[in-house]
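Right, one structure below, let's go through it.
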Amino acid sequence: MTTAPPSGPSAPSPASRPRRPLWHWLLLAGVGAVGLLVVAVLGVIIAIQLLTRGNPQATLEDYYSSLETQDCELFMDSTTAAFREAAGVTGCDAFEQAVGSATSIDFEVDDRTNRRGYAIFTVTERHQVEGQELEATLSYYVRRIDGQWDLDGIVLDEIDGEPVL
């Protein structure tokens with residue numbers, strides 16, 4: 001038995017889906033644009049946070065600059081209150097008295113280690129003391145507090161190549 005295709009008019013083809021109205025596409029484009037704008041704003045905020053974290057080595061350079069230029073404000077901005085108290089330099093008068101006879105200090109950063117919220121710099125420092133050149137190796141502990149890096153401690157490691165016990 002064979003079947004033949006039905007004779008006569010063919011069945012109507014299914015109607016194509018109706019086109020979406022223009023407002024639908026505009027709404028989707030608007031939602032997409034707002035989403036991209038939110039992502040872009042978050043990207044900018046994250047980038048700003050990363051770029052303004054500061055540089056702990058700049059704090060070390062500010063510290064040395066404050067000693068060289070006898071800039072009390074820069075010294076206060078680059079050190080923690082605990083450091084200033086331990087050093088006995090709690091005000092500008094004490095700072096000027098402590099730094100009064102300081103000559104230029106040459107320093108070279110030898111190493112940097114990051115550990116538990118601190119950037120630890122090993123620094124070789126050369127300066128004149130009573131006409132004699134002195135070389136010392138120190139460890140500077142620079143700590144991030146409230147988004148700013150501040151010098152929090154100094155440890156004298158060596159003087160003229162001899163370890164300090």
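The values are calculated or read from the model by the stated rules, or taken from the named source; none is laboratory data. Here the structure is a predicted model, which is why all the values come from computation and not from measurement. Neighbour counts run over all protein chains shown; Cβ positions are idealised from the backbone, glycine included.
Structure data summary
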item: Residue satisfying all of: in segment 142-155; acidic (Asp, Glu) and modelled with pLDDT of 90 or more; farthest from Asp77 (Cα to Cα) among these; result: Asp152
item: Residue satisfying all of: in segment 117-141; among the aliphatic types (A, V, I, L, M) and over 24 Å from the mean Cα position of the chain (by Cα); modelled with the lowest pLDDT among these; result: Val129
item: Filter result for Leu67 (in contact with a Phe, Trp or Tyr (Cβ under 9 Å, 6 or more places away or on another chain), aliphatic (A, V, I, L, M) and either over 30 Å from Gln49 (Cβ atoms) or surrounded by 15 or more Cβ atoms within 10 Å (Cβ to Cβ) (or both)); result: yes
